[in-house]
1. With a 10 Å Cβ neighbour count serving as the proxy for reagent exposure, in which order, fewest first, do Thr27, Thr97 appear?
2. HN-Hα J couplings of the range 103-116 from phi, Karplus 6.51/-1.76/1.60, θ = phi - 60°, integer Hz, Gly and Pro as x?
3. Averaged over every viewing direction, what's the projected area of the C-alpha convex hull for the range 160-209? Give it in nm², one decimal, please.
4. With +1 assigned to the C-beta of every Lys and Arg and -1 to the C-beta of every Asp and Glu, and no other charges, what is the dipole magnitude of the chain about the Cα centre in debye, to the nearest 20?
5. Expected output is a single nm value to one decimal: the length gained when fully extending between Glu139 and Asn208, i.e. 0.36 nm times separation in residues minus the C-alpha distance. What is it?
6. Over the range 65-123, what per residue volume does the convex hull of the Cα atoms give, in whole Å³?
7. Quick one: if you stick a label point 7 Å off each Cα along the C-beta vector at Leu109 and Asp17, how many nm between them?
8. Step through the residues of the range 147-157 one at a time and calculate ³J(HN,Hα) from phi using the Karplus curve (6.51 cos²θ - 1.76 cosθ + 1.60, θ = phi - 60°), rounding each to whole Hz and writing x for Gly and Pro.
Amino acid sequence: MSKNQIVVEHLVKRYGDNEVLKDISVTFKEGEVVCIIGPSGSGKSTFLRTLNKLEEATSGEIIVDGFNLTDKSTDINKVRQHIGMVFQHFNLFPHLTVLENITLAPIDLGKMSKEEAEEKAINLLELVGLADKRDEKPEKLSGGQKQRVAIARALAMNPDVMLFDEPTSALDPEMVGDVLNIMKKLAEEGMTMLIVTHEMGFAKNVANRVMFIDGGHFLEDGTPEQIFDHPQNPRTKDFLDKVL
Ligand code: ADP
Ligand code: MG
């Protein structure tokens, strides 16, 4: 049995009177590739963001790699070194080159020497197919290339878990495949991944677990076959009818 990498217990998140996450309890195991699907406003981003404390839980417990995020004495910066995150809008540093974007965190946090960080960055740029762009600034890259750099940057810290929040939603259609292929490669290498996505083909083919969230609850949690071919909840059926 692989170990539990993320344990969420009775997680509640409120913004004022708006209860966005309603008593969520869920466990993710090492090596799981989980696609989270659901309508706009259902709490997908909020859920991912509580897992590295970009949003603070209102109540409940979140344990990542044995670190309790809800414990005040936990050093969140240390935990974040274990969790890479990729956003819809890349968030690259515009004034730095591609290589510098990737090496910044490992060098600044004292994780690697400059030489080690650069060697790692060059390997990662090979992985994402952008070795020739190392000295470019982000503005010279297409959206798909920027997102591949953002993935390389997240991987530079050797994370145990990667969180993806709609990584292909802002891309032109012809760029989507390149980014999904890299994510597929990572999945095949055994990376633990939680992916919020509207790419149902990817969810079917690459995920080993699919979860449907609506109204702040996970209403469905199963294999891709279970969710796509035999959804149990009428709201899952409705949602799939609209997107498939
Ligand atoms: P999704 O990613 O599924 O589209 P979100 O997690 O972004 O949904 O948002 C869920 C709900 O939380 C929405 O009602 C949204 O308006 C609200 N929300 C998200 N972020 C904030 C915030 N920083 N402040 C107040 N409300 C927020
Ligand atoms: Mg979102």
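1. Thr27, Thr97
2. Rounded to whole hertz, the list is 8, 3, 5, x, 6, 4, 8, x, 7, 9, 6, 4, 5, 4.
3. 3.3
4. Here the chain has a charge dipole of around 200 debye.
5. Between Glu139 and Asn208, full extension yields 21.3 nm more.
6. So the per-residue hull volume is 125 Å³.
7. A separation of 4.0 nm, rounded to one decimal place.
8. 5, 5, 5, 4, 5, 4, 4, 5, 6, 4, 8
Each value in this text was obtained by applying a stated rule to the coordinates, not by laboratory testing. Note that the structure is predicted; figures quoted are calculated from it, not measured. We place every Cβ from the backbone using ideal geometry, glycine too, and count neighbours over all the protein chains shown.
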